[in-house]
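Below is one structure, written out as structure tokens; the observations come after it.
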């Protein structure tokens, strides 16, 4: 198939002057290797592109094939001046020009979407940085809160230990006082009783 296409291009464009594009030194290219659906017509805005298309259509018909205008698109890359008015197999070039304008519109739309995607990426990046900053601030605040709670807990533990120590001392003091309360009156009563007996003895 590739051989037939190359032969068609040779027949169609060999009789046309300035056909092909200077991509490499040593001659103009009329097709791209491994790309059987791309024809490089010319890079001269003043060339006879319509003659190239007519010759190409005739050469294709010689091999029992035909070009489908609805599937053919024209790319005017680095083209100066208005788009040329061309026809393909007798069909008006409006579809071709429309295809070119559609490509321009699609390219513009793609650029717009790309620009919006870039803006969205920047916005999401800014939000991500903000979230990371907030997370760091939250972590620092949480760390400070934990340290404060730890300090307060240690202080409360010390106060608890001091209160327990004071309470135990008070309980021991109360126990001592209670024992003294029950012990002192017994000595007092015994002493008084002894004094009365001595007085009685003295009376007798």
Q: Answer with yes or no whether residue 73 is modelled with pLDDT under 70 and in the same structural domain as residue 11 (by TED's automatic domain parsing).
A: yes
Q) What do you reckon, is residue 197 modelled with pLDDT under 85 and either more than 30 Å from residue 53 (Cα to Cα) or in a helix (DSSP H, G or I) (or both)? A) yes
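The values are calculated or read from the model by the stated rules, or taken from the named source; none is laboratory data. Fair warning: this is a prediction, and the values are worked out from it, not measured in the lab.
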